[in-house]
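To start, the structure under review is shown below, and the notes come after it.
The values are calculated or read from the model by the stated rules, or taken from the named source; none is laboratory data. Fair warning: this is a prediction, and the values are worked out from it, not measured in the lab. Every residue, glycine among them, receives a Cβ derived from its backbone with ideal geometry; neighbour counts consider all protein chains shown. Accessible surface areas use protein heavy atoms only, side chains included; no ligands, DNA or RNA. Shrake-Rupley method; radii C 1.70, N 1.55, O 1.52, S 1.80 Å.
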There are 2 protein chains.
Amino acid sequence: MLESTIAAIRPLDDAAMAAARELHGRLTKPAGSLGALEELSVRLAGLAGACPPPLPERAAVAIFAGDHGVHAQGVSPWPQEVTAQMIANFLAGGAVVNAFARQAGAAVTVVDVGVATPIPTAGTEPLDPAGGAVLDPAGSARVLDPAVPRLVDANVRPGTADLTVTAALTRDEARAAVETGVRVADELIDAGAGILLTGDMGIGNTTPAAALIAAFTGADPAAATGRGTGVDDATYQRKVDVVRAALERHRPDPTDPLGVLATVGGLEHAALAGLILGAAARRVPVLLDGVIAGSAALAAAAFAPDAVGAMVAGHRSAEPGATLALRKLGLDALIDLGLRLGEGTGALLALPVVTGAVRVLHEVATFDSAGVAEK
Amino acid sequence: MLESTIAAIRPLDDAAMAAARELHGRLTKPAGSLGALEELSVRLAGLAGACPPPLPERAAVAIFAGDHGVHAQGVSPWPQEVTAQMIANFLAGGAVVNAFARQAGAAVTVVDVGVATPIPTAGTEPLDPAGGAVLDPAGSARVLDPAVPRLVDANVRPGTADLTVTAALTRDEARAAVETGVRVADELIDAGAGILLTGDMGIGNTTPAAALIAAFTGADPAAATGRGTGVDDATYQRKVDVVRAALERHRPDPTDPLGVLATVGGLEHAALAGLILGAAARRVPVLLDGVIAGSAALAAAAFAPDAVGAMVAGHRSAEPGATLALRKLGLDALIDLGLRLGEGTGALLALPVVTGAVRVLHEVATFDSAGVAEK
């Protein structure tokens, strides 16, 4: 299934991009005056193969959650249980991602792809009793309800192994996580989402993100590693050492993305790579959040270089690895405000910019139709 | 009236800012992880004198429109009539500002503060028959209707004089334009707007903006002047020469903002300075658009330095003068995407970022209430 998804990913449509450029020249504004929004809208026309591309009126953020064996190395000051506790917070609507999603009218789907501790669900929506929401199109009616965050149970294993000791995942587990991401993309798009947003939750997950970014970009672990939630100097140095040790132990081959994800990745990173591939295969844009998304996007691009055409960089995270990832992908971020929260918050902030860029092609009058003289 | 507005502008409230910082530390996110949004929300608490500050659920963009005698010097390739034609486009809902305002749910008020040619109103809402909407609170019900752009007739004079030949305006005309801006701010706030956004329309108006920015910052005219709608090299050089000649002729005193606005400014620039002062006096945030707003904001800050506390820089325009203005004001832009359209488009793109920053203080759960462990 991963292979067929990859095979479905095609280049951008040149004719639709040319049509969008031509239309921009006739709209009532000076040529080029919308800056990066013009190129973004042209690219989205190329992705959709249509000018104008569909207005992404319904948006869905998918928050993939997982835990990390490397937490035992002291790479984060937060207890591992916070992953599960924050999921309960997402389901109760109390996190920043919920506030931003409500404002943007975006639906929130939390996918437990590898949480290690029990999720406290008191007062929140329970795990889907059927346990198969991802595969069940009958549930589509509620899938995009912005008022009710959902939790999907797709736990591949309760947290990764410690990547300093062994591979984080087996290849089969990595594949299962990637394919979960593809299935979530399919489900959300089938339910009517016109754009997907990446989200993540996983205490310790900036450590495998740094390892993935170093593996795919060739950057030194010290350059790819950041302070995550804001760790102190000693913890930061430990993170760098851990990333370096993992890369030296596993020597991941960047042309084998499944191998990279398995050895030094995480379950949410792998699932996000799948979400991106799934969106690209369906020619639906995927708005990237921060450093976890950036590391997953590198994996997706290694699976299918044309997947980059579906990616929109929502923001530039304060994590240095995020900048390395975007540079490697050739993407410029829409928002650059020093955010480093994750969850999908940076992607949600950028959503109106993306929608606005497309809206211009739908709604703005031409010089001719508006009776405005040209220069 | 200008003097009483200036006298009403006070510093930010330290206690409310301290309360907002303290609240941020208890919300379910790592400290500082929302980057610039945290400081923005703290400042808006200080402006409102309350924590959390009011959520700006209703927003209004005020587009001040005027013409420019300096157009005769060939500083723009567009015919002067385009100012009036674009107003008709705004009223018909066909411009980019309308598309972005619809998306953001913001009301659009166009204020003719100095248009030189007849506004083609066929098929659009006519000029307010009472001619006094700005002063008429009875009309408030429709003032914030996002579906119906309004045109307010407050024409001080049909375009400025050519600032290379004489003062652009008399001091009385400049004052009348500033006070019009104050009145528009009052009207919109009385109608329920929680945030004002600056907009502008005026063929040739980047030339007086450059002159204002050079006058208030001391920058060389070549550094303060940009290519506006995208002029060619010869026109650009003419603009620089015109700005330099105007400054040499009038030698405006930056400590006399009314004199600066009168000699080298424009009617929409002066009115925007008034809008900013009016918002600051009411302790309501004002979201700045691009280079015209930046030049007006410098004038407002010269009238009342504490007015800067009410200003939020929506975006960094591609016009070099905008960056000089923001630097002088000590403001960082929320969006930086190479826009140079004006109309209020850059401010509207940033509106969800401002609303999101405030929303966090209203809606996000604390560690304690959500049962999430701290590090």
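Using Cα centres only, tell me the gap between segment B:11-66 and segment B:230-285 in whole Å. The two parts, judged by their Cα centres, are 29 Å apart.
Both chains summed, the buried accessible area for A and B stands near 4400 Å², from protein heavy atoms and a 1.4 Å probe. Taking the accessible area of chain A, probe 1.4 Å, and keeping the other protein chains in place, the carbon and sulfur fraction comes to 52%.
Pull up the cross-link candidates among the lysines for A:K328, meaning alpha carbon to alpha carbon under 25 Å and not fewer than 8 places away within one chain. Correct list for A:K328: A:K239. From its DSSP helices (H runs of at least four residues, each -39,500 (n - 2.57)), chain A gives a residue-normalised ellipticity at 222 nm of -14500 deg cm²/dmol. For B:V110, the residues whose modelled amide H falls within less than 5 Å of its own, excluding neighbours fewer than 5 places apart on the same chain, are B:I63, B:R150, B:L151, B:V152. Of all lysines in the structure, those lying under 16 Å Cα to Cα from B:K29, and not within fewer than 8 positions of it along the same chain, are B:K375. Residues whose amide H lies under 5 Å from that of B:M201, counting only those 5 or more places away or on a different chain, are B:F64, B:A65, B:G66; hydrogens are built 1.01 Å from N in the peptide plane. Of the whole protein surface, B:L23 contributes about 20 Å² of accessible area at a 1.4 Å probe radius. About its Cα centre, the dipole of the protein assembly as shown is roughly 600 debye, where the only charges are +1 on Lys and Arg Cβ and -1 on Asp and Glu Cβ. Charge dipole (Cα centre; +1 on Lys/Arg Cβ, -1 on Asp/Glu Cβ; no other charges) of segment A:331-375 amounts to roughly 80 debye. The per residue volume of the convex hull around the alpha-carbon atoms of the protein assembly as shown is 145 Å³. Available extension along the chain between B:S369 and B:R10 is 125.7 nm, counting 0.36 nm per residue and deducting the alpha carbon span. This model, with +1 at the C-beta of Lys and Arg and -1 at the C-beta of Asp and Glu, gives segment B:59-353 a dipole about its Cα centre of some 420 debye. With label points defined 7 Å past Cα in the direction of Cβ, position A:G218 shows copy-to-copy spacings of 4.8 nm, given to one decimal and shortest first. The mean number of Cβ atoms from other chains found within 10 Å of a Cβ in peptide A:309-318 is 1, as a whole number. In the full protein context, segment A:280-366 carries 24 Å² of accessible surface per residue, based on a 1.4 Å probe and ignoring ligands, DNA and RNA. Classify segment A:59-353 from the C-alpha gyration tensor, please: rounded if a/c falls under 1.5, else prolate or oblate depending on whether a/b exceeds b/c. It comes out rounded by the Cα gyration axes.
Axis between A and B by rotation; chain A residue with nearest Cβ and distance in whole Å recorded as A:P352, 2. Positive end of the dipole of segment A:59-353 (Cβ unit charges, origin at the Cα centre): among A:A95, A:A296, A:L326, the Cα lying farthest that way belongs to A:L326. Label points for A:D14 are taken 7 Å from Cα along Cα→Cβ. From this copy to the others they lie 6.5 nm apart, shortest first.
For the protein assembly as shown, the antiparallel share of DSSP beta bridges with both residues in that region comes to about 5%.
Taking all Cα pairs closer than 8 Å and separated by 6 or more residues, the relative contact order of chain B comes to 23 percent. For the protein assembly as shown, the residue among B:T235, A:I276, A:S317 whose Cα projects farthest onto the positive side of the dipole built from Cβ charges is B:T235. In this structure the amide hydrogen of B:H315, modeled in the peptide plane, comes within under 5 Å of the amide hydrogens of B:L334, B:I335, none closer than 5 places in sequence on its chain. Tell me whether segment A:229-352 comes out rounded, prolate or oblate; compute the Cα gyration tensor, take square roots of the eigenvalues as a ≥ b ≥ c, and use a/c under 1.5 as the rounded threshold. It comes out oblate by the Cα gyration axes. Rounded to the nearest 10 degrees, the angle from helix A:206-217 to the longest Cα principal axis of chain A is 60 degrees.
Here the Karplus curve 6.51 cos²θ - 1.76 cosθ + 1.60, taken at θ = phi - 60°, turns the phi angles of segment A:153-167 into couplings of 8, 9, 5, 7, 6, x, x, 6, 7, 6, 5, 7, 9, 8, 4 Hz, with x standing for Gly and Pro. Of the residues A:L144, B:A177, A:A60, the one whose Cα sits farthest toward the positive end of the charge dipole of the protein assembly as shown, with +1 on the Cβ of Lys and Arg and -1 on the Cβ of Asp and Glu, is B:A177. Per-residue mean of foreign Cβ neighbours for B:25-33 is 6 (Cβ atoms of other chains, 10 Å radius). Segment A:360-375: which residues show an accessible-area loss of 30 Å² or more, assembly versus chain alone, 1.4 Å probe? Listed by number, the residues meeting the 30 Å² cut-off are A:E363, A:V364, A:V372, A:A373, A:K375. If you sort A:D241, B:D112 by accessible surface, 1.4 Å probe, largest first, the order is A:D241, B:D112. Residues in segment B:236-247 carry Karplus couplings, in order, of 4, 5, 5, 4, 4, 4, 5, 5, 5, 4, 5, 5 Hz; the curve used is 6.51 cos²θ - 1.76 cosθ + 1.60 with θ = phi - 60°, and Gly or Pro positions show x. In sequence order, segment B:277-283 has phi-based couplings of 4, x, 5, 4, 5, 8, 6 Hz under the Karplus curve 6.51 cos²θ - 1.76 cosθ + 1.60, θ = phi - 60°, and Gly or Pro positions carry x. The accessible area of A:M17, taken with all protein chains in place and a 1.4 Å probe, comes to roughly 30 Å². Placing a label point 7 Å from the Cα of B:T170 along the Cα-to-Cβ direction, the distances to the matching points in the other copies come to 8.9 nm, shortest first.
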